Amino acid sequence: MAHAFSKQGGEGWICRKCGKPLTQTSVNVTYMGSSFLVQLPGCETCGTVLVDDELAFGRMLEVEKLLEDK
Ligand SMILES: [Zn+2]
């Protein structure tokens, strides 16, 4: 699968298709039978959301912590 985004100078990401910087987008993720709204970078022009494995995994750890705190 071709990556639709490229990293820009080590800090933001840009959408290759639109050439625009990504903005934080709310994405509904289902994990362990519950759904969570997580903030992931996405392109507001074409609606594609960047799901970086490392980033997504980090979010999942945050969600797990939230579950444990309850
Ligand atoms: Zn785009």
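With both labels modelled 7 Å from their Cα along Cα-to-Cβ, the ARG16 to PHE36 distance reads 2.9 nm. Bridgeable lysines around LYS65 (alpha carbons under 29 Å apart, same-chain partners fewer than 8 residues away excluded): LYS7.
Restricting things to Cα coordinates, could you compute the convex hull volume per residue of region 11-69 in Å³? Don't skip to the answer; put the middle values down first.
Numbers: hull volume 5.1 nm³, N = 59.
Residue-normalised Cα hull volume stands at 86 Å³.
Coordinate-derived values only; no laboratory data. Worth saying up front: this structure is predicted, and the values here are computed from it rather than measured. When we count neighbours, we look across all protein chains shown, and the Cβ atoms used for this are built from the backbone with ideal geometry, even at glycine.
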